[in-house]
Amino acid sequence: MTAFQRGLNPKRLDTPWSSAATTSVDCTFQQLAPYIGRIKTAIARYLIETYTRPDDVVLDPFAGSGVIPFEAALLGRRAIASDISPYAYLLTSAKLGAPENVFEALERFELQWKKSLERRSNQDLRRVPLWVRKFFHPETLRNALALRDELVANDDRFLLACLLGILHHQRPGFLSYPSSHLVPYLRTKLFPRANHPALYRERDVYPRMTAKILRTYRRPPGELPRSDVSLCDSRDLKSRRAVDAIITSPPYMNELDYVRDNRLRLWFLTRKLNASSDPPRRSNREELFCNLIVETFRKVVPRLRPGGHVIMVVGDTRRGTKRVDAATLVQTALESSPFHSLSLCATYEDTIPDVRRARRDLSGTKRETILVFKKVAARRVIRG
């Protein structure tokens, strides 16, 4: 029986993140591009300020859009982050390695935009999948792909993230025909072409990218500590650096599909994604999830300094009418061997608002629990 089951139940928090959204005061780099299921910046900030100190090293092995490592850097911590998704890796590295100021960002864009014009004639739209072409006016798509190719050639992750950030939506400042902002699907029935012809005209990439860069630097960060971002499976993280805290929000148990929900941006990033890339649904999702957690933390917990914290933000889920308590699954896994050095010291509970779900009628993940473990020093065994 775990400490959780013995009665150390989560408590509903009265903390800053329980109040109104903080998007109007957050650093605008956190709105660089949409990402399904991202953790609230206020939660990340609270956990970092409460359980770490300036100059500490904070590791996030499931970085997603980089909310936790970026907030850590803003607070003067050094961040190590990884994610298996190319889109997540792009967003995290873009935030942590952006141009120093808006003038440098605009200058870089101007230079690469001019060079991208030479690539337009090489864009054969017949080789672009039909499902991608349906989202764009042909000239908008041609110009966007030419810019994409130039940015990829120069490994300019910040500007590439800006381009993906305006890729699809119904608003005039975005590049696609009317579509949803998060999960890409066309809204042609809601905005029929005959009634909304302006939404189906060519959308110039240059002014929209310029406006996106200016918006991103509306509330810019100051100088950030150097960070380490890796594109890899969390179980294959190569860095051996000692860390002071592990703070992360692992993927929900297939309640969100990060490939499907980001498919248009992933295609632009890789140019090789199928229209339907959903992984097969499996009945043993709990087992696969626990194995992922155990294998990841077997790799990273030995790097945690004694006295450091492991903080997991996990969402529960449902299987039919049955609620699956992911927090208990994670706690049981982390309190078992080889993690006997971890001791649960706090638990918190929070309700996930609709804005953080892919679909408002999602019946799965609606509550998340924050588990805070502390690494205790190993006991010395004195042999007589």
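Any residue that is assigned by TED's automatic domain parsing to the domain that holds residue 49, among the polar types (S, T, N, Q) and in contact (Cβ under 8 Å) with a residue 12 or more places away in the chain - is there at least one of those in the stretch 238-246? Checked the stretch 238-246: at least one residue is assigned by TED's automatic domain parsing to the domain that holds residue 49, among the polar types (S, T, N, Q) and in contact (Cβ under 8 Å) with a residue 12 or more places away in the chain. The listed residues are 237, 269, and the only one of them that is aliphatic (A, V, I, L, M) and within 16 Å of the chain's Cα centre (by Cα) turns out to be 269.
Screening residue 221 with (1) over 30 Å from residue 242 (Cβ atoms); (2) in contact (Cβ under 8 Å) with a residue 24 or more places away in the chain gives one miss only, at (1).
With the condition kept exactly as written, say whether any residue in the stretch 304-327 is closer than 21 Å to residue 68 by Cα, surrounded by fewer than 18 Cβ atoms within 10 Å (Cβ to Cβ) and modelled with pLDDT of 90 or more. Checking the stretch 304-327: at least one residue is closer than 21 Å to residue 68 by Cα, surrounded by fewer than 18 Cβ atoms within 10 Å (Cβ to Cβ) and modelled with pLDDT of 90 or more. The single condition from (1) in the same structural domain as residue 159 (by TED's automatic domain parsing); (2) under 17 Å from residue 249 (Cβ atoms); (3) among the polar types (S, T, N, Q) that residue 112 fails is (2).
Among the candidates 163, 167, which residue alone is in contact (Cβ under 8 Å) with a residue 12 or more places away in the chain and either surrounded by fewer than 17 Cβ atoms within 10 Å (Cβ to Cβ) or in a helix (DSSP H, G or I) (or both)?
163
The values are calculated or read from the model by the stated rules, or taken from the named source; none is laboratory data. Computed from a prediction, not measured in an experiment: that's the story for all the values here. Ideal geometry is used to build each Cβ from the backbone, glycine not excepted, and the neighbour counts take in all protein chains shown.
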